[in-house]
Amino acid sequence: MKYDYDLFVIGGGSGGVRAGRRAGTLGHKVGIAEESRYGGTCVVRGCVPKKLYVYASTFHESFEDAAGYGWTVGDTSFDWKKLVASKEAEITRLENLYRSGLKSNGVEAFDSRAVLRGPHEVYLEAEDRVVTAERIVVAVGGTPNRHVSLDGHEHAIISDEAFDLAELPKSIVISGAGYIAVEFAGIFAGLGVDTTIVYRGPEILNGFDNEVRALLHEEYEKRGIRIITEQVIDKIELGKDGTRMTHLSGGEVLEVGQVMLALGRLPLTKNLGLELAGVGTDERGYIKVNEYSRTSCESIWALGDVTDRVQLTPVAIHEAMCFISTEYKGIPEKPDHDLIATAVFSHPEIGTVGLSEEQAVEKYSKLNVFRANFKPMKHALTGRDTRMLMKLLVDAESDKVVGAHVLGPDAGEMAQILAIPMKMGCTKADFDRTMALHPSSAEELVTMYEPTYTLIDGVKQS
Ligand code: NDP
């Protein structure tokens, strides 16, 4: 054999493990290296622990809401260390499943940092040796931006560290207002931490539908989260007692127990030997790939967050499956990044598929907007002041549903299901002839018969 392996994968996260396992199943000789823990960002320091913490953060509201249904809940208390330990046990279980899945598919897994030495050469640091492979997949992912230009950034944490804090702070400032900032704000506030978001723009969750953004802002304020917009953190100073004096651009100084930076993520491409293999990157360090995930080096592919596509676990897995189909099954398959359902696990949750109203009006000259804003039935008895929003955006000419947005309980679950008909190209008429499931929140999606308003060339019609 010309090479040690048919395929060598660098990075044991969602994309890398899927590519390695599938190639192994097909009978190829596969090696994989991971420098941290198998499972990668999603399992170890992302989606999975985040969702567990989101669950943890919602119980106190349930205890309060129970009173409206006749329950008397006794004294409650929360133990952060217990939550961290339970989370740790669960991700260890998942990490072991990743390892056993690789093993059972004949993949040789290394616990080592691996870097490229050439188009077919990988250097395994822990073993101090070079292995060769016919094909190489780079799936090393990304890491939170520590924003080193910020004065006092070393006194702040990033999301990786937020999961394992020794103590839950009494107060926190979160910088940024993207997915991670907004989700962690919901988690911390739900666990009783006095929480403030500081964001440079006019409204949280840039890129999402404006109405959804505004309603989540309101809901967060109802839950005691302070949101400071159009400001940034200028400096963080550490006080003797561990207090972080957080200086804002508007002049206010917030004295808090912890500061978290959630300012986007960066690809882990530094010192990866990309130049030795002729793998090109863009100006921010993301690996450039063609539509089949192939890099500028013929024998090297890149998948997942190390490429500047859509940074989501199912997308990395899909890119891996397309790579396998193209390279090992002889069926060329390009990853399809259109109409990806996504959720923000805020509290309340956001689920979205397709275009926001702001994006849709740019694309369609006549846009019908169907909207329902209501109090979820569960809260008829709890007295909780909370709203739910459903919104469908329809191209008036074709009747196609081009955007669907839900804010409220189980919004993510609804978005996943909505993505199926939307991917099939469904029309509003398809929604209208679908029988409602009563009583449910989702029935609103099929009972909004008349447009709430219409936009013609971006102008709202009265
Ligand atoms: P995002 O890109 O979502 O958000 C980054 C935030 O930081 C934005 O509010 C951005 O502002 C702000 N920001 C960036 N640079 C600066 C700066 N120099 N000064 C001040 N503010 C700044 O990144 P996240 O880190 O939250 O998440 C990374 C990715 O991970 C997401 O894009 C998503 O793909 C994925 N993810 C998905 C989740 C899910 O599916 N539920 C959960 C968590 C992460 P602005 O908008 O103005 O640029």
Discussion item. What's the number of the only condition in (1) surrounded by 18 or more Cβ atoms within 10 Å (Cβ to Cβ); (2) under 18 Å from the mean Cα position of the chain (by Cα); (3) more than 19 Å from Thr269 (Cβ to Cβ) that Gly46 fails to meet?
Written reply: (3)
Item to complete: Mind listing whichever residues of the range 340-360 are within 10 Å of the ligand (Cβ to nearest atom) and either in contact with a Pro (Cβ under 9 Å, 6 or more places away or on another chain) or part of a loop (DSSP other than H, G, I, E, B) (or both)?
Response: Ile340, Ala341, Phe345, Ser346, Glu349
Worksheet item: Within the range 177-217, can you find the residues that are hydroxyl-bearing (Ser, Thr, Tyr) and either touching a helix residue (DSSP H, G or I) at 6+ places or on another chain (Cβ under 7 Å) or in a loop (DSSP other than H, G, I, E, B) (or both)?
Response: Thr195
Worksheet item: Residues of the range 176-188 being within 10 Å of the ligand (Cβ to nearest atom) and either over 17 Å from the mean Cα position of the chain (by Cα) or at pLDDT below 95 (or both), which ones?
Response: none
Worksheet item: Name the residues in the range 381-401 that are over 18 Å from Ser441 (Cβ atoms), hydrophobic (A, V, I, L, M, F, W, C) and surrounded by fewer than 20 Cβ atoms within 10 Å (Cβ to Cβ), would you?
Response: Ala396
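Mind telling me which of the residues Val306, Val315 ends up being buried (at least 22 other Cβ atoms within 10 Å of the Cβ), within 11 Å of Val137 (Cβ to Cβ) and modelled with pLDDT of 95 or more?
Answer to the selection: Val306.
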Item to complete: Keeping to the range 215-226, report how many residues are surrounded by fewer than 14 Cβ atoms within 10 Å (Cβ to Cβ) and within 16 Å of the ligand (Cβ to nearest atom).
Response: 0
Response to the item:
Among residues of the range 189-211 being of a type in the set (A, V, I, L, M) and within 14 Å of the ligand (Cβ to nearest atom), the residue farthest from Gly251 (Cα to Cα) is Leu205
Worksheet item: Which condition breaks for Phe370 when tested against (1) in a strand (DSSP E or B); (2) under 24 Å from Glu219 (Cα atoms); (3) out of contact with any Ser or Thr (no Cβ under 9 Å at 6 or more places or on another chain)?
Response: (3)
Item to complete: Mind counting the residues in the range 373-397 that are in a loop (DSSP other than H, G, I, E, B), more than 17 Å from Glu357 (Cβ to Cβ) and without any contact (Cβ under 8 Å) to a residue 40 or more places away in the chain?
Response: 1
Discussion item. Looking at the range 227-253 only, could you name the residues that are in contact (Cβ under 8 Å) with a residue 24 or more places away in the chain, within 16 Å of the ligand (Cβ to nearest atom) and in a strand (DSSP E or B)?
Written reply: Ile227, Ile228, Thr229, Ile233, Asp234, Lys235, Ile236, Thr246, Leu248
Discussion item. Among the residues of the range 274-285, what is the count of those that are assigned to a loop (DSSP other than H, G, I, E, B) and either within 15 Å of Ile10 (Cα to Cα) or of a type in the set (Val, Ile, Thr) (or both)?
Written reply: 1
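Which residue, of Glu283, Glu298, Glu291, is free of Cβ contacts under 8 Å to residues at least 40 places away in the same chain and either surrounded by fewer than 15 Cβ atoms within 10 Å (Cβ to Cβ) or not hydroxyl-bearing (Ser, Thr, Tyr) (or both)? Show your work before the answer.
Numbers: Glu298 fails: free of Cβ contacts under 8 Å to residues at least 40 places away in the same chain; Glu291 fails: free of Cβ contacts under 8 Å to residues at least 40 places away in the same chain.
Result of the check over Glu283, Glu298, Glu291: Glu283.
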Worksheet item: Of all residues in the range 301-324 being in a helix (DSSP H, G or I), away from the ligand (no atom under 16 Å from the Cβ) and touching a residue at least 60 places away in the same chain (Cβ under 8 Å), which is nearest to Val43 (Cα to Cα)?
Response: Ala320
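The values are calculated or read from the model by the stated rules, or taken from the named source; none is laboratory data. From a predicted model like this one, the values you see are computed outputs, not experimental measurements. No Cβ is skipped: glycine too gets one built from the backbone with ideal geometry, and neighbour counts run over all protein chains shown.
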